[in-house]
Structures are given as structure tokens and as C-alpha cells.
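Here's the structure, in C-alpha cells; my notes come after.
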Amino acid sequence: MLLLVCSGFSYAQKKATVESLKQAFEGKFYIGTALNLNQIWERDPAADKLIKSQFNSIVAENSMKSMHLQPQEGKFNFKDADKFVAYGEANNMFLIGHTLIWHSQAPSWFFKNEKGEEVSKEVLIERMRNHITAVVSRYKGRIKGWDVVNEAILDDGSWRKSKFYNIIGEEFIELAFKFAHAADPDAELYYNDYSMALEGRRNSVVKMIKNLKSKGIKISAIGMQGHLSLDFPKVEEFEKSILAFAAEGVKVMITEMDITVLPMPNRNIGAQVESNFAYKKEMNPYEDGLPKDKQTIFEKRYLDFFKLFLKHEDKISRVTVWGVTDADSWRNNWPMPGRTDYALLFDRQYNAKPVVKQIYRFGSSKKKP
Ligand code: G3I
């Protein structure tokens, strides 16, 4: 068999039969994407075609965050979430619920009483229980995995001083997992965070897994979001975290992958959603297209990470990219509005980037027995 060398690694040349990501990774891990409202409601036919042909797992990019699902106490709005679930079921996709407990995009009523004062620990626990129970039980047996807690730890490994943490204490994590498990005992339950390759966060996540497991609380996997840039983090550091989490007996998922090519106004913001900088033209260098040299680095970076995922296919159960085409990516508007980024696998004309074909080829080159 003819061996080709591609971007530093080899694969057996096969007949050009693999034409999608989901085919390339069949039997290894799910390959997913995040859907925005237009895509959930099938108002973007070209994106719809890509989603159905390329991916076998989906997550709602925004529609299942608590501010959308329960904008007022006890008044749920499941319209978009129901449509998302129907879409996934109609297309035989592995459905992910994002996210039950997150400090961001939570409605302000969640933390306040009728006088506008901060609620007690008991009240907040009850609100958590009600929210999680209502949402998880509605989709019991249909949504297969939940991002139960999102982004509770900071880069240095300390707890994020969120309302949940400040009012309840670190116990809020185990309570959230318990409530979710009670509502759907078969659902997979995840802790999800960004900058997971950092040593501080890695160590604290390991501690969290140990703590939950020691108390008999179910945790199925760790979601490493994977909001990457061209030079951060190092593949080796990312790998250390995959190994550290897997060693605790949970699966690992790459849950929100993208690779920004744009300069960062500040190196230390990870994917901190609150970061916000005023638009500056000099910070938007590729409005008219991505130069060849940057594109080459970008493609190598995607390949290096997919190579890593494949190396650890026994530990990784899903790789999800955070959006379908470059036009959809949150990166265009964060941490600075109105920029032109190229963070995803499909371009603004819905075409697969050259790297996608390479991913097809090496993804399918190592079939499981
Ligand atoms: O829909 C409104 C629109 O009506 C309005 O005109 C416009 C004006 O700003 O805002 C639109 O809402 C925006 C929404 O995305 C939909 O585009 C919100 O302002 C904006 O805050 C929201 O950003 C989302 C962000 O989470 C906060 O929820 C991003 O799309 C989404 O990609 C991002 O996803 C997070 C994950 O949930 C957790 N991990 C980090 C990741 C990236 O920040």
C-alpha cells in the first residue's frame, strides 16, 4: 500500500470514499457542532446540509442556557430547545444539553428575592433543584449528555467567585450533579471548562472528580472546551490534561473547539465571556482574507490537535466544534465586536477548508478492529 506523508504524519492512502467528518471518525468518537437559532429552525439551507452530512452530535450554542429556558421564575420557554431536540432526533444525532449551571447567562432573578436582596443558600439550592429537574426531566432519555456545571474554576485552580459559589459554597457542584442524576439516571453528566490545559485548572478538575467519585456522585466525562489560538496552548499541555482526567476514570470530550487566528488584546482572558474591548481596526487584520502563511499555520494546528484526539481515541468520546462556518463563530465578536475571524472548519461560503479533507483521510486511516 502506498504511504503518503501529510503534515508530519503518515496515513495509508485509501480510495476517496470518505466524504464527511462523521464517516472519518465512525467507531472512534462522535463529531459534533453547535447550532445557532437559524440552524435550529432550519432557516439556513446551506448550513443545514453541512450539519446533516458532516456531524452526528449537536449542542445548542445558546438556546438552552438558563436565561433563555427560565427567563422568569417558574415560567419556562422550551420552544427553541424543543425544536433543537426534534432536529437532533430526526437526524439520529447524539444530543448534548448546554448548560445547566453557569455563572454567565443566568437570569438575574435566580439570585434575588422579591425585595431585590440576595437569596439565602437554601433558596438558591431550591432554585437550582427546580431548574435542573424541570429541564433534565423534560428531555429524559432524549438528551444523552449534560454540561451540568460550566466554568466554575479559574486559571490558577481557585474557585470562580460566582453567585453560586458565594452563596452556596463549593457544594453547589455536587448538588448540581445529584439533581441532574435524579432527573435522568441514564444521562451522561459532564463538567465543562475552558483553558483546561493550564496546570492550575487541570489539578483542580482532577480534585473535583476525585471528590465527586468519593461521594458516589456520578460524573461521566470532562468537557475540555478547546477554544484555542495559533500558539496557545501547547499540544503537550493539552495532552497532559486528557491523560490526567482519563486517569480518574472518566471520559474526555472536546466540547467547543475553535482556533482563532486573530490577535488578543490581552493574553490572559481564556474564553472569559465577560471580557469586552472596544473595536480597533489594527486588531482586525484579515478583513479581506487570511494570508497564506497564517492559513498554513492554522491548518497545521487543526491537524496537530486532531492527531492528538486520534491518538487518545480510547479516552475521547466526542469532539465538537463551536459552530458550523466562520460566519457563525462567536470569535468574530469576542472579545472585541465586529472582527473577521477564521476559527472553524468551513468557510463563509460553506466550503470545507483544505484541512478538512486531510482530517477525513487520516481520521479514516486507523479503523478500529
Ligand atoms: O440574539 C441577540 C440579538 O437579538 C441581539 O441583537 C444581539 C446584540 O448583542 O445579541 C444577540 O445575542 C447574543 C448571542 O450570543 C447570540 O448571538 C448575545 O449578545 C451574546 O452574548 C451571545 O454570546 C454567546 C456567549 O456564549 C454568551 O452566552 C455566544 O454566541 C456563544 O458562542 C458563547 O458560548 C460560550 C459557551 O456557552 C460556554 N463556553 C464559552 C463559549 C464562548 O464564549
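For this structure, a couple of remarks:
- Charge dipole (debye, nearest 20) of region 244-312; +1 at Cβ of Lys and Arg, -1 at Cβ of Asp and Glu: 240
- Averaged over residues, the count of other Cβ atoms within 10 Å places the peptides 62-70, 146-154, 40-48, 244-252 in the sequence 146-154, 62-70, 244-252, 40-48, highest first.
- Taking the centroid of alpha carbons for each part, region 153-198 and region 23-44 are 25 Å apart.
- Descending by average beta-carbon neighbour count within 10 Å, the peptides 304-316, 270-282 line up as 304-316, 270-282, the highest first.
- Across the alpha-carbon atoms of region 101-257, the computed radius of gyration and Dmax are 15.8, 51 angstrom.
- Per the Kirkwood formula applied to alpha carbons, the chain shows a radius of gyration over Rh ratio, Rg over Rh, of 0.96.
- Compared with the direct C-alpha span, the chain from residue 120 to residue 17 gains 31.2 nm at full extension, assuming 0.36 nm per residue.
- Nitroxide proxy distance, nm - points 7 Å out along Cα→Cβ at residue 140 and residue 77: 2.7
- Length gained on full extension, residue 86 to residue 349, computed as 0.36 nm times the residue gap minus the Cα-Cα distance: 92.0 nm.
- Of the peptides 332-339, 126-133, the order by per-residue mean of other Cβ atoms within 10 Å, starting with the highest, comes out as 126-133, 332-339.
- Lysines with Cα under 17 Å of residue 121, excluding same-chain neighbours fewer than 8 positions away: 112, 161, 163, 178
- Working note: Karplus 6.51/-1.76/1.60 with θ = phi - 60° gives region 337-345 the couplings x, x, 9, 10, 10, 9, 7, 10, 8 Hz, where Gly and Pro are set to x.
- Cβ-Cβ FRET estimate between residue 267 and residue 304, R0 fixed at 22 Å, reported to 0.05: 0.60
- Built amide H within the under 5 Å cut-off of residue 157, gap 5+: 201
- Reported to the nearest whole Å, the Cα centre-to-centre distance from region 285-335 to region 233-250 is 19.
- Per residue, the chain reaches -10500 deg cm²/dmol at 222 nm when only DSSP H runs of four or more residues are counted, each adding -39500 (n - 2.57).
- With R₀ fixed at 25 Å, the C-beta to C-beta distance from residue 277 to residue 156 puts the FRET efficiency at about 0.65.
- The chain - charge dipole about Cα centre, Lys and Arg +1 at Cβ, Asp and Glu -1, debye rounded to 20: 920
- The share of alpha-carbon pairs in region 220-369 lying farther apart than 19 Å comes to 55%.
- Estimated FRET transfer efficiency when R0 is 35 angstrom, pair residue 38-residue 203 (beta carbons, to 0.05): 0.30
Values in this text are rule-based calculations from the coordinates and carry no lab data. Keep in mind that this is a model prediction, so the values were computed, not measured. No Cβ is skipped: glycine too gets one built from the backbone with ideal geometry, and neighbour counts run over all protein chains shown.
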